[in-house]
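Notes to accompany the following structure.
The values are calculated or read from the model by the stated rules, or taken from the named source; none is laboratory data. Computed from a prediction, not measured in an experiment: that's the story for all the values here. No Cβ is skipped: glycine too gets one built from the backbone with ideal geometry, and neighbour counts run over all protein chains shown.
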Amino acid sequence: MANNRIFYACQAVALSQFGSDSFTELHGVQSVGVNTTFNLEQAFELGQISIYENIEGLPDVEVTIERVLDGYPLAYKLATKGASGDTLINRTKQRCNAVLAIYPDDRDAVSGTPPVQVYMSGMYINSISYTLPVDGNCTESVTLVGNHKVWGATNKFTSTNAQGFKYGGDTPKNNQAGTYAGGIQRRENVLMASSILPQSIYGVSQNANAGNNYANNAPLAHIQNISISTDAGRENILELGRKAPYYRAPNFPIEVTCEIEVIAVSGDFVSAYEEGKASYVGTANEGNNTVQETIKIMLQDGTTFDLGTKNRLSSVTYGGADAGGGNASMTYSYSTYNDLTVSGPHGGAGE
């Protein structure tokens, strides 16, 4: 294959469950990157300035995938396929294989066995993030980590074991016939009337039921952006007798963060007392300025992000509306641990 360049139309990414070569290609992918680090340790000795040995340790392979939310299975779910449930502790135990396939740069769509591919096995999900912006598309970003990568010498990703490519004249699954909705998910596809937002956001109803940002079909707080992210911070567990780790353990407790940006129509109305607040929204809360809150965000295609009931406000920032123009906004940052359940679109078929 003699490509003049590699661009979006001649690349494809696929994932399979660890131990299986039945790959599922990812749709809606916007970018993919592969980073390899060869960890070196130096040894010196008395009597000479030159290095005694430059010892090669364990290689680290990192794959970052960013895609739009389009109704196809989430990369996070495909990378953790076979998990016993949808909680973080269920999902972080699973491993996967990943393939980046490169095709000739003169094709309208990729198909068949790729001339060039890189195969990465035994990968773990390390970090995930979701962004729901007021401008642009809702996106998913996942990072996989592992220690094994092979270019060109494998033939893992073919039109047979990939269950047939679906590229070429394709559309987002949410635009296809059936019960799907909304195409690529954007601001209008965030179901604010069915989501639960923290009560510490100014304007949100004190009613903790679903739809607590709505009254008389009008939003009470004007949400601009929601970002949800977590990082497993994996560590190698090694043993004598082999170089590779026998497990890359997630570093529990795992922090889950959620940032919510809101257009300011008044102040943020979050007070900070050095002795804590005697009461908070009518509930005794002696010695604390914040309380535990529920966060649950739903999209029109059925994707749901449930951060549980123990989120606490970690910071709030007020700014903007300077002399150059623009609006004042407030960013509320929340933190919880080990609690993030992501339900895939349309019931999570294939996940």
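Output the number of residues of region 1-45 satisfying the condition of being β-branched (Val, Ile, Thr), free of Cβ contacts under 8 Å to residues at least 60 places away in the same chain and surrounded by fewer than 16 Cβ atoms within 10 Å (Cβ to Cβ). Step through it out loud before you land on a result.
Initial filter on region 1-45 (β-branched (Val, Ile, Thr)): 6, 13, 24, 29, 32, 34, 36-37.
Still in the list and also free of Cβ contacts under 8 Å to residues at least 60 places away in the same chain: 29, 37.
Pick out the ones that are also surrounded by fewer than 16 Cβ atoms within 10 Å (Cβ to Cβ) and you get 37.
Residues in region 1-45 being β-branched (Val, Ile, Thr), free of Cβ contacts under 8 Å to residues at least 60 places away in the same chain and surrounded by fewer than 16 Cβ atoms within 10 Å (Cβ to Cβ): 1 in total.
Conditions (1) under 20 Å from the mean Cα position of the chain (by Cα); (2) modelled with pLDDT of 80 or more; (3) of a type in the set (Gly, Ala, Ser), marked per residue:
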| position | (1), (2), (3) |
| --- | --- |
| Val190 | yes, yes, no |
| Gly203 | no, yes, yes |
| Asn207 | no, no, no |
| Pro219 | no, no, no |
| Ile226 | yes, yes, no |
| Ala232 | yes, yes, yes |
| Ile237 | no, yes, no |
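Report yes if Lys77 is of a type in the set (Lys, Arg) and modelled with pLDDT of 90 or more, otherwise no. So that I can check it myself, show each step before the final result.
Values: of a type in the set (Lys, Arg): yes; modelled with pLDDT of 90 or more: yes.
Yes, satisfied.
Conditions: (1) among the hydroxyl-bearing types (Ser, Thr, Tyr); (2) touching a residue at least 40 places away in the same chain (Cβ under 8 Å); (3) in a loop (DSSP other than H, G, I, E, B). Ser335 meets all but one. Number of the miss?
(3)
What's the total number of residues in region 4-50 that are at pLDDT below 95, in a loop (DSSP other than H, G, I, E, B) and over 30 Å from Gly136 (Cβ atoms)?
Number of matching residues: 6.
Could you check region 57-102 and list, in sequence order, the residues that are closer than 17 Å to Ala232 by Cβ, in a strand (DSSP E or B) and in contact with a helix residue (DSSP H, G or I) (Cβ under 7 Å, 6 or more places away or on another chain)?
Passing the criteria: Ile65, Cys96.
Of the conditions (1) in a loop (DSSP other than H, G, I, E, B); (2) surrounded by fewer than 17 Cβ atoms within 10 Å (Cβ to Cβ); (3) at pLDDT below 95, Val150 satisfies every one except a single condition; which number is it?
(1)
Please go through region 300-332 and give me each residue that is touching a helix residue (DSSP H, G or I) at 6+ places or on another chain (Cβ under 8 Å) and either of a type in the set (D, E, K, R) or part of a strand (DSSP E or B) (or both), ordered by number. It would help to see each step written out before you state the result.
First, the residues of region 300-332 that are touching a helix residue (DSSP H, G or I) at 6+ places or on another chain (Cβ under 8 Å): 300-303.
Listed by number, the list holds a single entry, Asp301.
Of the residues that make up region 51-61, is at least one of a type outside the set (Gly, Ala, Ser), touching a strand residue (DSSP E or B) at 6+ places or on another chain (Cβ under 6 Å), modelled with pLDDT of 95 or more and surrounded by 18 or more Cβ atoms within 10 Å (Cβ to Cβ)?
Checking region 51-61: at least one residue is of a type outside the set (Gly, Ala, Ser), touching a strand residue (DSSP E or B) at 6+ places or on another chain (Cβ under 6 Å), modelled with pLDDT of 95 or more and surrounded by 18 or more Cβ atoms within 10 Å (Cβ to Cβ).
Hey, among the residues in region 104-117 that are out of contact with any strand residue (DSSP E or B) (no Cβ under 7 Å at 6 or more places or on another chain) and at pLDDT 90 or above, which one's surrounded by the fewest Cβ atoms within 10 Å (Cβ to Cβ)?
Filtering first and then ranking leaves Asp106.
Which residue pairs have Cβ atoms under 6 Å apart, sit 6 or more places apart or on different chains, and have a first residue in region 263-282 that is within 15 Å of Ile223 (Cα to Cα) and a second that is in a loop (DSSP other than H, G, I, E, B) and modelled with pLDDT of 80 or more?
Hits for this filter: Ile263/His222; Asp268/Tyr202.
Answer yes or no: is there a residue in region 22-45 that is farther than 26 Å from Asp70 by Cα and in contact with a helix residue (DSSP H, G or I) (Cβ under 8 Å, 6 or more places away or on another chain).
If we filter region 22-45 for residues that are farther than 26 Å from Asp70 by Cα, which is where we start, we get 35-45.
After this cut, where a residue has to be in contact with a helix residue (DSSP H, G or I) (Cβ under 8 Å, 6 or more places away or on another chain) as well, the list is none.
Within region 22-45, not a single residue is farther than 26 Å from Asp70 by Cα and in contact with a helix residue (DSSP H, G or I) (Cβ under 8 Å, 6 or more places away or on another chain).
Tell me which strands (runs of 3 or more DSSP E) are completely within region 244-299 and hold 1 or more residues being hydroxyl-bearing (Ser, Thr, Tyr), modelled with pLDDT under 85 and surrounded by fewer than 17 Cβ atoms within 10 Å (Cβ to Cβ), or say none if there are none. Step through it out loud before you land on a result.
Numbers: elements: 247-249, 255-263, 277-280, 283-288, 296-298.
Result: 277-280, 283-288.
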